[in-house]
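The values are calculated or read from the model by the stated rules, or taken from the named source; none is laboratory data. Since the model is a prediction, treat every value here as computed from it, not as a measurement. Note: ideal-geometry Cβ built from the backbone for every residue, glycine included; neighbour counts use all protein chains shown. These area figures cover heavy atoms from the full protein model, side chains too; ligands, DNA and RNA do not enter into them. Shrake-Rupley method; radii C 1.70, N 1.55, O 1.52, S 1.80 Å.
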Amino acid sequence: MNTENPGCLTGAARAVALVVVLPVRLLWDALVWCGRQLWRWILAPVGRALGWLVHHLLVIPLRWLWEWVLVPVGKAVWWVVDLLVVTPLRWLWEWVLVPVGKAVWWVVDLLLVTPLTWLWRYVLGPVLRVVGAALAWAWRVAGEISRTIGRALRWVLWHAIGRPLAWVYRVIMTPVGRWLRRYVWEPVATVARAVRAAAREVRTALFGGPR
């Protein structure tokens, strides 16, 4: 590549770029001009006309309806509701329900709450505390008595039954058992073994050995 004359290359590059970009720029400028004309002569007038119509056909009638119809009607309705509902209910609450409730509570407190409170504080509470303490003390004492009776019963049963049985087992049953095992059971066992051995020999002599 020849780089001795960069001015020629720059000029050629600029010429090619101008050829490529020029149609795009011309199209862009045409679109911008058309958009401006469209906004100036069509969209802006139509928008202003629509705004005027909305303002005069919707906003002004709604403002008039709110100021001259809805607000007065709402005030009138609220005046009627306040006169026929709110004020009577407030009067009923202040002059009937509250005094009647206070009177009923005074009667209930006088005839029920105060007597029950006095009964619990000066009668039932002390009695229940005394009874509870007595029951707890009786439970502890009964436990001590039960353990004492248990120890006494164990002592009586041991000396009445356990110790005699232990003495009989140790002094009588154990020597008797040893004597029976030594002088009865062992000779009998020896004789039984001898009989079984003799029976095997007889069976072998008569019928031969096992096949």
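For segment 34-146, with only Lys/Arg (+1) and Asp/Glu (-1) charged at the beta-carbon, what is the dipole magnitude about the Cα centre, in debye rounded to 20?
Working: 10 positive and 5 negative charges, 136 e Å.
Computed charge dipole of segment 34-146: roughly 660 debye.
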Taking all protein chains in place and a 1.4 Å probe, what share, in percent, of the accessible surface of segment 125-211 do carbon and sulfur account for?
71 percent
Towards the positive end of the charge dipole of the chain, with charges on Cβ (+1 Lys, Arg; -1 Asp, Glu), say which of P99, P45, G132 has the farthest Cα.
G132
Kirkwood Rh over Cα pairs of segment 46-107 into Stokes-Einstein at 4 °C, 1.567 mPa s: D in µm²/s?
83 µm²/s
